[in-house]
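The values are calculated or read from the model by the stated rules, or taken from the named source; none is laboratory data. Just so we're clear, the structure is a prediction, and the values are computed from it rather than from any experiment. Cβ atoms come from the backbone with ideal geometry, glycine included; neighbour counts cover every protein chain shown.
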Amino acid sequence: MHGAAGERGAMQVLPRTARQVGIVGNLYGQAGIEAGVRYLKLAMTMHRQAGWCAVASAYNSGIWRHSHCSAYGRAVTALAALR
């Protein structure tokens, strides 16, 4: 899978994002999932107090932005609630 902005792999991680969390190499396999998990962990650490919607939004738009709940975050949390 390859996103319009250059995201790669199952977790749709940008190569520069992967490097920020210490992952280099082919992002279409295990390394891409590891990069996504590390980045999600950072998003949780930085935005959890604002709620799960803010965590999902930060994963999607960048963890360094202020905590907010975007349409993407609302969609992710709505899908998670269906489980």
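Suppose we filter region 16-25 for residues that are more than 18 Å from residue 62 (Cα to Cα) and surrounded by 11 or more Cβ atoms within 10 Å (Cβ to Cβ); how many remain?
Our first condition is that a residue be more than 18 Å from residue 62 (Cα to Cα); within region 16-25, this holds for 24-25.
Applying the additional criterion that residues be surrounded by 11 or more Cβ atoms within 10 Å (Cβ to Cβ) yields 25.
Number of matching residues: 1.
Can you tell me which residue among 53, 69 is surrounded by 17 or more Cβ atoms within 10 Å (Cβ to Cβ), out of contact with any Lys or Arg (no Cβ under 9 Å at 6 or more places or on another chain), modelled with pLDDT of 95 or more and not in a strand (DSSP E or B)? If you could, list the steps in order and put the result at the bottom.
Numbers: 53 fails: out of contact with any Lys or Arg (no Cβ under 9 Å at 6 or more places or on another chain).
Exactly one of 53, 69 is surrounded by 17 or more Cβ atoms within 10 Å (Cβ to Cβ), out of contact with any Lys or Arg (no Cβ under 9 Å at 6 or more places or on another chain), modelled with pLDDT of 95 or more and not in a strand (DSSP E or B), namely 69.
Give the residue that is farthest from residue 76 (Cα to Cα), with candidates limited to residues of region 6-15 that are among the aliphatic types (A, V, I, L, M) and either buried (at least 18 other Cβ atoms within 10 Å of the Cβ) or in contact with a Leu (Cβ under 7 Å, 6 or more places away or on another chain) (or both). Reasoning before the result, please.
First, pick out the residues of region 6-15 that are among the aliphatic types (A, V, I, L, M): 10-11, 13-14.
Then keep just the ones that are either buried (at least 18 other Cβ atoms within 10 Å of the Cβ) or in contact with a Leu (Cβ under 7 Å, 6 or more places away or on another chain) (or both); that gives 11, 13.
Values: 11: 14, 13: 17 Å.
By that ranking, first place goes to 13.
Here is a list of conditions, (1) without any contact (Cβ under 8 Å) to a residue 24 or more places away in the chain; (2) in a helix (DSSP H, G or I), and residue 36 meets all of them except one; can you say which number that is?
Result: residue 36 fails condition (1) only.
Conditions (1) assigned to a loop (DSSP other than H, G, I, E, B); (2) on the phi > 0 side of the Ramachandran plot; (3) without any contact (Cβ under 8 Å) to a residue 60 or more places away in the chain; (4) under 10 Å from the mean Cα position of the chain (by Cα), marked per residue:
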{"position": "10", "(1), (2), (3), (4)": "yes, no, yes, no"}
{"position": "32", "(1), (2), (3), (4)": "no, no, yes, no"}
{"position": "41", "(1), (2), (3), (4)": "no, no, yes, yes"}
{"position": "65", "(1), (2), (3), (4)": "yes, no, yes, no"}
{"position": "78", "(1), (2), (3), (4)": "no, no, yes, no"}
